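What follows is a short report on a single structure.
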Amino acid sequence: MKKMSHGFVAVLAIMVMATTTFTNPASATTILSFTSDVGSYVGKGENLSFDSEEYTVFSYSSNNWPSQFFIMGPSFADGWQLTIGAPLGQALAVGHYSDAEWFATQALPGLQLLGYNGRGTSNVRSNFDVLEVAYDTSPWTMPTITRLAVNFSQFEGPDYKLGLYGQFRLNSNVPISTPEPSTFILLFAGISGLALLRLRRK
């Protein structure tokens, strides 16, 4: 086995640093954020974020029926709605859910993000990961979600190739993942350095 040169190791280290995802410090928060592909009917190719400082969040949730979260802005048209649920009759739990339809069925989970400004379609397929979920199980009340952290990918369009990639937190300490601005600079530097090393060897 050939030993790697010090230069190659350095470049490799830079590339690893560049592809690392950094996160905000953990603190209880309520926020919806997403990025989206150009051509997405719902996302419009935009990267948006809505937090509880500017938006009011209402919810209707239970432990065995899809939960709905309403993120309301200054006007109705600024609002968003996230519907999420395990297969009907099952409580939403920490874990990975795949092949979700726009609304849960007996066999499949459901997830749909739509905007009240006309950004909505039921022709979606999604995958999502529940990172945290907690319920209010007080006596004589319906169990409701009081804390939730979920990352999701919603696909639409022909062959479901147009994606919207979102994160939702409700009173959660799980941080939103945000790459630092220097990430792309480091990645470019790593790739450039590797290319230079290869040219020198020729």
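Each value in this text was obtained by applying a stated rule to the coordinates, not by laboratory testing. Since this is a predicted model, take the numbers as computed values, not measurements. Here the Cβ positions follow ideal geometry from the backbone for every residue, glycine too, while neighbour counts run over all protein chains shown.
A few comments on the model shown:
- Modelled this way, with points 7 Å down the Cα-to-C-beta line, the labels at Thr56 and Ala91 are 3.0 nm from one another.
- Inter-probe distance in nm under a simple model that places probes 7 Å from Cα toward Cβ, at Asn173 and Thr141: 2.1 nm
- Neighbour net charge for Gly95 - beta-carbon separation under 13 angstrom, K R +1, D E -1: -2
- With neighbours defined as other Cβ atoms within 10 Å of a residue's Cβ, the residues Leu162, Leu131, Leu111 order from fewest to most as Leu131, Leu162, Leu111.
- Pairwise alpha-carbon distances in region 63-107 exceed 18 Å for 35% of all pairs.
- Region 24-177, Rg to Rh (Cα coordinates; Rh as Kirkwood inverse mean 1/r): 0.95
- Reciprocal of mean inverse Cα separation for region 89-130 (Kirkwood radius, Å): 11.1 Å
- Between Leu108 and Leu88, the built amide H atoms are under 5 Å apart, and every one of these is 5 or more places off in sequence or on another chain.
- Residues Asp78, Asp159, Asp99, arranged from fewest to most other Cβ atoms within 10 angstrom of their Cβ, appear as Asp159, Asp99, Asp78.
- Here Glu53, Glu101 are placed in order of increasing Cβ neighbour count within 10 Å, fewest first, which gives Glu53, Glu101.
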